[in-house]
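Notes follow once the structure below has been shown.
The values are calculated or read from the model by the stated rules, or taken from the named source; none is laboratory data. All figures in this text were calculated on a predicted structure; none of them were measured in a lab. Here the Cβ positions follow ideal geometry from the backbone for every residue, glycine too, while neighbour counts run over all protein chains shown. Ligands, DNA and RNA are stripped out before the accessible areas are found, and what is left, the full protein with its side chains, is counted by its heavy atoms. Shrake-Rupley method; radii C 1.70, N 1.55, O 1.52, S 1.80 Å.
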Amino acid sequence: MNENKIQETIKKYDRTERTRELKGNLKKLVSLIAIAMSLYHLYTSWHGTPSAIIHRSIHVSFMLVLVFFLYPLKTKENAFTKFIDFILIIASLIPFIYLKTNFNDIVNRAGMPTNLDIIVGLLLVILVLEAGRRVTGLVLPILAVIFLLYGLTGNYLSGYFSHKGFSISEIIEYMYLTTEGIFGTPIGVSAQYLILFVIFGSFLLKSGVGDFITEIALAIAGDKRGGPAQVAVLSSALMGSVNGSAVANVVTTGTFTIPLMKKIGYTPEFAGGVEAAASTGGQILPPVMGAAAFIMAEILGVKYVNIMYAAIIPALLYYFGVFITVYFRAVKMDLRGLDKKDVPNIKTIFKEKFFLLIPLIVLVYLLVKGYTPTYAAFFGILLTVPVSWLTPKNKMNFYKILEALESGAKGSISVAVTCAVVGIVVGISTLTGLGSKVAGAIIALSGGNLFLTLVFTMIACIILGVGMPSIPAYLLTANMAVPALLKLGVKPFVSHFFVFYYAMLANITPPVALAAYAAAGISGGDMYKTGLEGFKLAIAGFIVPFMYVYNPVLLGIDSNAVSIVTSFATALIGVTLIASSLEGYLIKDLNKPERLLMLIAGLLLMKPGGLTDIIGILIAVFVILLQLKMKNKKIYDQ
């Protein structure tokens with residue numbers, strides 16, 4: 001699949017990539033703006049930022065200008081729509097310029113906005129909603145408008161969800177002139193951390209890390225049982241630490257791995273499902289996780305490295321589940337790996353290209369040593385350039401550096417837009433106290449039962465994830481459901497991790513599983529069957545969050561070495577048994593009663609507790625002995 005075809009596939013399944021094709025001087029102008037945006041954030045990451053609200057307003061202005069340049073008003077453009085875009089581009093500069101020039105006056109009269117303050121603030125709200133519509137679709141902006149109306153009309157409501165009501169002036173002031181609305185925590189994280197990691201990923205890809213990752217995965221797993229599928233799991237996992245988008249990850253690695261999987265005998269649907277599940281998991285795999293992980297760290301007030309540590313065991317369980325399912329399918333279908341002559345030599349690859357990983361290794365080292373994500377990303381970016389000079393093919397010259405800066409800024413647009421729109425929703429929720437009211441309703445609905453509350457939270461997060469990106473799915477559920485979990489005694493760290501996981505997994509949750517649909521576009525398989533295959537492969541990811549709520553040891557909380565090892569070991573066995581049940585194979589084909597027993601045994605082992613572990617192991621041993629007996633009998637009969 002050539003570069004143009006790859007871009008077409010990404011645009012088909014990822015709305016945020018559907019940009020207009022610019023030419024001539026206009027293209028150069030947009031490139032300069034994008035490069036300026038990246039350089040501004042690199043500069044402030046080293047020299048320090050201006051006041052929070054000014055820094056965030058600069059970030060939002062850059063984002064808005066690029067959106068109205070790159071995303072058309074509608075599919076079919078004419079002179080009038082282009083004129084509207086021009087007006088919106090100019091208007092995008094006004095909120096920042098007004099805030100910057102009147103900053104001292106605004107601070108001195110805090111709580112007493114002028115009419116002009118409100119007009120400019122209203123302009124910003126409209127611009128952000130329109131940018132959200134163009135980049136993410138209608139769902140998120142409509143949700144924001146509903147929340148705004150709720151803030152205005154709460155005094156007209158009766159019952160549990162009523163509130164005193166706020167005037168337009170009060171709401172717009174909260175949205176524009178504080179760090180609680182549009183310039184709240186989500187956009188703060190986008191401006192402070194996320195854009196730097198997107199730029200870092202862009203530099204890594206330009207330096208040739210993507211090809212290196214694929215070659216390493218092929219060398220390690222290519223000739224093993226079901227080799228190409230294992231290559232997909234490994235390469236997508238590693239690429240996920242560079243690429244923050246599940247869909248882009250699918251298309252980047254899937255164009256290579258999916259044809260190989262089909263070649264050795266996997267069905268198009270299973271091949272697409274493997275790639276979708278593996279690519280989605282990249283957002284929960286340290287060191288560079290999905291954007292929501294950085295926001296979670298900011299909300300919890302913990303260092304990002306703590307999030308990294310906590311994510312290790314759940315991520316390993318997730319990927320082990322995908323790996324072992326792929327393995328069972330390969331053995332069941334008697335699928336072999338690639339011919340050894342088609343597999344590169346791992347020693348040769350490492351000898352020639354290992355140094356390309358130095359920036360990523362330095363990044364992880366700095367994070368582990370306690371440096372801020374900003375500092376770590378900045379030095380990771382700086383290191384990438386001289387490291388690339390060691391390979392003539394991927395040497396980053398001046399023009400490649402500019403291309404990386406440009407693509408980094410453009411790649412951050414969807415995250416920044418999402419964070420800005422979500423700021424409106426979260427701001428209204430905070431202003432009206434809606435979050436605590438929803439939490440109370442969830443507890444009442446579940447009767448105070450923790451398990452039911454977890455199930456309701458999971459469903460809410462997945463439903464939100466169907467219609468919007470993972471960031472708003474996480475933030476909205478965290479704002480409204482996490483308080484319910486806290487009231488039931490679940491620790492804040494665990495509660496947020498629970499919500500975070502399901503927000504990420506929405507990419508492969510039917511009926512709308514965008515990562516799976518992108519994979520189906522490459523494999524030629526049925527979209528819905530591909531989605532179901534991806535869901536099955538990722539089943540461990542849907543169970544693990546319940547495990548660490550009841551057993552926080554899996555997140556490294558209240559743990560010691562022994563408890564971590566035993567919990568991890570029993571969970572691995574549990575994941576294996578569940579995968580065996582779903583695939584209908586262990587030593588030989590499983591019949592329906594055996595599959596049910598394996599599923600029960602797996603769930604018992606994944607549930608914390610010595611008694612459940614013993615029962616689960618006994619059931620599994622019984623099925624294994626039964627399988628061995630039947631297999632030996634078959635051999636004897638032959």
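Can you tell me, using C-alpha contacts under 8 Å and at least 6 residues apart, the relative contact order of segment 258-308 as a whole percent? Please report the intermediate quantities before stating the final value.
Details: 21 pairs, mean separation 10.6, N = 51.
Contact order relative to length: 21 percent.
Name the shape class, rounded, prolate or oblate, that the alpha-carbon gyration tensor gives for segment 526-638, where a ≥ b ≥ c are the square roots of its eigenvalues, rounded holds for a/c under 1.5, and otherwise prolate holds if a/b is larger than b/c and oblate otherwise. Show your work: numbers first, answer last.
On the way: a/c = 2.91, a/b = 1.39, b/c = 2.09.
It comes out oblate by the Cα gyration axes.
What does the net charge come to around Arg109 if you take all other residues with beta carbon closer than 14 Å to its beta carbon, with K and R at +1 and D and E at -1?
-3
Computing the accessible area with a 1.4 Å probe over protein heavy atoms, can you report the carbon and sulfur percentage for segment 207-322?
63
Say R0 is 25 Å: what FRET efficiency, to the nearest 0.05, do Phe354 and Lys332 get from their beta-carbon distance? Before the final figure, lay out the partial values.
On the way: r = 36 Å, r/R0 = 1.45.
Efficiency computed from Cβ-Cβ geometry: 0.10.
Any lysines with Cα under 20 Å of the Lys400 Cα? List them, leaving off those in the same chain fewer than 8 positions away.
Lys23, Lys27, Lys28, Lys206, Lys353, Lys410
Which of rounded, prolate, oblate describes segment 96-182, given a ≥ b ≥ c as roots of the alpha-carbon gyration tensor eigenvalues and a/c under 1.5 marking rounded, otherwise prolate only if a/b is larger than b/c?
On the way: a/c = 2.83, a/b = 1.24, b/c = 2.29.
Oblate, because a/c is 1.5 or more while a/b does not exceed b/c.
Helix 561-583 sits at what angle to the longest principal axis of the chain, using alpha carbons and giving 0 to 90 degrees rounded to 10?
Helix 561-583 and the main axis of the chain meet at about 80 degrees.
Distance from the Cα centre of segment 77-113 to that of segment 242-306, in angstrom?
So the two Cα centres are separated by 37 Å.
Subtracting the Cα-Cα distance from 0.36 nm times the residue separation, let me have the gained length for Ile54 to Ser169 in nm, one decimal.
Details: separation 115, 0.36 × 115 = 41.40 nm, distance 2.09 nm.
Between Ile54 and Ser169, full extension yields an extra 39.3 nm.
If packing is taken as the average number of other Cβ atoms within 10 Å across a peptide's residues, how do 301-313, 553-565 rank, most packed first?
On the way: 301-313: 18.1, 553-565: 15.1.
My ranking of the peptides, most packed first, is 301-313, 553-565.
What whole-number value in Å² describes the accessible area per residue of the chain for a 1.4 Å probe?
Values: 26520 Å² over 638 residues.
That works out to 42 Å² for each residue.
Quick check: the angle from helix 209-221's long axis to the longest principal axis of the chain, C-alpha only, nearest 10 degrees?
Helix 209-221 and the main axis of the chain meet at about 10 degrees.
Under unit Cβ charges (Lys, Arg +1; Asp, Glu -1), what dipole magnitude, rounded to 20 debye, does segment 311-369 have relative to its Cα centre? Intermediate values should be presented prior to the final figure.
Values: 9 positive and 4 negative charges, 22 e Å.
Dipole of segment 311-369, to the nearest 20 debye: 100 debye.
Just to check I understand the Karplus step: with θ = phi - 60° and J = 6.51 cos²θ - 1.76 cosθ + 1.60, what whole-Hz values come out for segment 478-487, glycine and proline as x?
Rounded to whole hertz, the list is 5, 5, 10, 9, 4, x, 5, 5, 5, 5.
Tilt of helix 139-153 relative to the longest C-alpha principal axis of the chain, in degrees (0 to 90, nearest 10)?
With rounding to tens, the tilt is 50 degrees.
What whole number of Å gives the distance from the Cα centroid of segment 183-228 to the Cα centroid of segment 549-574?
Each part reduced to its Cα centre gives a spacing of 28 Å.
Taking Cα Rg over 2.2 N^0.38 Å straight from the coordinates, which label in (1) 0.99; (2) 1.05; (3) 0.94 is the correct one?
(1)
Going by amide H atoms built from the backbone, whose H comes under 5 Å of the H on Gly165, apart from near neighbours?
HN-HN under 5 Å from Gly165: Gly154, Asn155.
Local charge sum around Val189 (other residues, Cβ-Cβ under 11 Å, Lys/Arg +1, Asp/Glu -1)?
Details: positive: Arg56; negative: Glu298.
Neighbour charge sum, excluding Val189 itself: 0.
Ignoring ligands, DNA and RNA, what percent of the 1.4 Å accessible area of segment 387-449 is carbon and sulfur?
Ligands and nucleic acids excluded, carbon and sulfur reach 65 percent.
Please give the length that would be gained between Lys27 and Leu390 if that part of the chain were fully extended, namely 0.36 nm times their separation in residues minus their C-alpha to C-alpha distance (nm, one decimal).
On the way: separation 363, 0.36 × 363 = 130.68 nm, distance 3.15 nm.
Answer, rounded to one decimal: 127.5 nm.
Determine, for each peptide in 424-430, 440-446, the mean count of other beta carbons within 10 angstrom over its residues, then list the peptides with the highest first. Don't skip to the end; give the middle numbers.
Values: 424-430: 23.4, 440-446: 16.0.
Averaged packing, sorted descending, gives the order 424-430, 440-446.
What's the ranking of 286-296, 83-93 by average number of surrounding C-beta atoms within 10 Å, highest first? Could you put the intermediate results ahead of the total?
Values: 286-296: 25.3, 83-93: 15.5.
Ranking the peptides 286-296, 83-93 by packing returns 286-296, 83-93.
Which listed residue (Phe212, Val438, Gly48) has the Cα farthest towards the positive end of the charge dipole for the chain, taking +1 on Lys and Arg C-beta and -1 on Asp and Glu C-beta about the Cα centre?
Phe212
Give me the net charge of Ile84's neighbourhood, meaning all other residues with Cβ under 15 Å from the Cβ of Ile84; Lys, Arg count +1, Asp, Glu -1. Intermediate results must be reported in sequence, preceding the final value.
Working: positive: Arg20, Lys74, Lys76, Lys82, Arg133, Arg134; negative: Glu77, Asp85, Glu130.
Result for the local shell: +3.
Under the definition of Cα pairs under 8 Å and six or more residues apart, what whole-number percent is the relative contact order of segment 362-414? Present the calculation step by step, with values, prior to reporting the outcome.
Values: 20 pairs, mean separation 10.8, N = 53.
Reported as a whole number, the value is 20 percent.
Where a ≥ b ≥ c are the square roots of the eigenvalues of the C-alpha gyration tensor, would you call segment 324-377 rounded, which needs a/c under 1.5, or, failing that, prolate if a/b is larger than b/c, or oblate?
Details: a/c = 5.79, a/b = 1.89, b/c = 3.06.
Since a/c reaches 1.5 but b/c is at least a/b, the shape of segment 324-377 is classed as oblate.
List the residues, sorted by chain then number, that are 5 or more residues from Tyr585 or on another chain and whose placed amide H is less than 5 Å from its amide H.
Hits under the 5 Å cutoff: Leu590.
Considering the Cα trace of segment 201-348, what is its radius of gyration and what is Dmax, both in angstroms?
15.7, 51
Got the relative contact order for the chain handy, in percent, Cα pairs under 8 Å and 6 or more residues apart?
Numbers: 1019 pairs, mean separation 113.5, N = 638.
Reported as a whole number, the value is 18 percent.
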